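What follows is a set of notes on a single structure, which appears directly below.
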């Protein structure tokens, strides 16, 4: 249905406000379903090592408002604390009403304190991830037109890695939500000098930084929008306009102040406990994060920039998104060289100045991670919408069939890969299968040898005698051997093939977790 609506849009069919809102609603619902599908993945285990940070810190706020660690900023922890408190009150109300047993039968997770708070935070992240579609849509509509806005919303909804990361109780996806609202109000600054736009843009940038520090890098949006509006006014009208007048200076100062207020609203102890916040010697301090990522030299940075753009980020965002980003950049450069002055050029310049700065800065980290580039995603989504809309209009003048094929080419890959990612969470984790198999087949007192800490949580829960590494395997005559990612242990398997009998294997094809193979080790020649 969604693709059909986009096809109608692409072929120049009449698009009323009602139809446009319907398509946007379908996009939003698809975004939500993709992010909520498989949201209980891994239960009863929490396999992602960073997930406990938000949940445990939020629960700890009951006892101390200061989380006492600033490796992550605190807004999302406080938001989840309020979510947990509301949930607890509702849960207590169920007991008072005498329907606890009935609810427990239908939804046993509700009273499982070991898991329910992870479930709540994951759902919260997924919902905010889906709702990011709205500010991205509004930004593209303000900059370009309704068609570009709908394609931008579609792109944000189906960005494969954003769909993937929305399944975790982490702060990266919520950070993008606040950043995208900052983007929207910065887009308003391009056309309107109202102080309100500066203040709201700064506020949301501050909230973004207070959710995850790298959101603060987007602060460049406000001065970029301000100066491009002023320069655009000069070029389009020929009038002499001061680049910085009293009102402009005041607006920029107020924007910076509101950003600081936004940050301190969510992370007040950055000021109240500045001694810990400013530490650089351990993860407890925020400044440690900036030194921990490291930096690289210019030559390597230049190479890494293109490698990240065309390999790593391209695979995470979808190659069509990066293709649209690069081709639109060439279009912008060509138009600038032709010295054409129009509003679209200034709007594209706004998007590229900010997005290229963010991408260049992050690609200079020695220890870069895929989720660091989330700050780049809203800009890329808006540019995708512009590109698809622009090319579609050009193709419509040629032949409607070409237009339809182009839309399929640009949109279908995002749909396929995002559904694939969501389905992986829905199918679950191979380590859950390993746990279930061991519960049924593990003999009392039997030794287990395994090769990777990825499965250590499984053995801890079973409370079994499990040893990491295969070096001491020859000191026993019988054991279970658990091989995670067996493609990395081919030498061991070949060397011991005469002693190993495969019992079971679990493939991670369209699944979470590693490939797992279970062997029974028997060495009849063994003597004590």
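The values are calculated or read from the model by the stated rules, or taken from the named source; none is laboratory data. From a predicted model like this one, the values you see are computed outputs, not experimental measurements. Cβ: placed from backbone, ideal geometry, glycine included. Neighbour counts: every protein chain shown.
Overview of values
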{"read-out": "Index of the failed condition, residue 116 passing every other in (1) modelled with pLDDT of 95 or more; (2) surrounded by 22 or more Cβ atoms within 10 Å (Cβ to Cβ)", "value": "(2)"}
{"read-out": "Whichever residue in region 344-354 is crowded, with 22+ Cβ neighbours inside 10 Å and within 22 Å of the chain's Cα centre (by Cα) and, among such residues, is farthest from residue 290 (Cα to Cα)", "value": "351"}
{"read-out": "Candidate set: region 391-422, residues that are free of Cβ contacts under 8 Å to residues at least 24 places away in the same chain and under 31 Å from the mean Cα position of the chain (by Cα); chosen: the one nearest to residue 137 (Cα to Cα)", "value": "391"}
{"read-out": "Sole residue being farther than 25 Å from residue 371 by Cβ and either surrounded by 24 or more Cβ atoms within 10 Å (Cβ to Cβ) or modelled with pLDDT of 95 or more (or both), chosen from 209, 148, 157", "value": "148"}
{"read-out": "Selection status of residue 179, under 18 Å from the mean Cα position of the chain (by Cα), surrounded by fewer than 24 Cβ atoms within 10 Å (Cβ to Cβ) and within 27 Å of residue 123 (Cα to Cα)", "value": "no"}
{"read-out": "Residue identified as under 23 Å from residue 33 (Cα atoms) and outside any helix (DSSP H, G or I) among 137, 168, 118, 161", "value": "168"}
{"read-out": "Residue 74 in contact with a strand residue (DSSP E or B) (Cβ under 7 Å, 6 or more places away or on another chain) and at pLDDT 95 or above", "value": "no"}
{"read-out": "Residue in region 60-68 that is outside the structural domain of residue 213 (by TED's automatic domain parsing) and assigned to a helix (DSSP H, G or I) present", "value": "yes"}
{"read-out": "Per-region count, region 36-64, residues touching a helix residue (DSSP H, G or I) at 6+ places or on another chain (Cβ under 6 Å) and exposed (fewer than 15 other Cβ atoms within 10 Å of the Cβ)", "value": "0"}
{"read-out": "Yes/no for residue 283 being surrounded by 15 or more Cβ atoms within 10 Å (Cβ to Cβ) and closer than 30 Å to residue 74 by Cβ", "value": "no"}
{"read-out": "Selection within region 285-311 - assigned to a loop (DSSP other than H, G, I, E, B) and more than 21 Å from the chain's Cα centre (by Cα)", "value": "285, 294, 295, 296, 297"}
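A quick yes/no check of all residues on (1) surrounded by 16 or more Cβ atoms within 10 Å (Cβ to Cβ); (2) at pLDDT below 95; (3) not in a helix (DSSP H, G or I):
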site	(1), (2), (3)
421	yes, no, no
432	yes, no, no
455	yes, yes, no
470	yes, yes, yes
479	yes, yes, yes
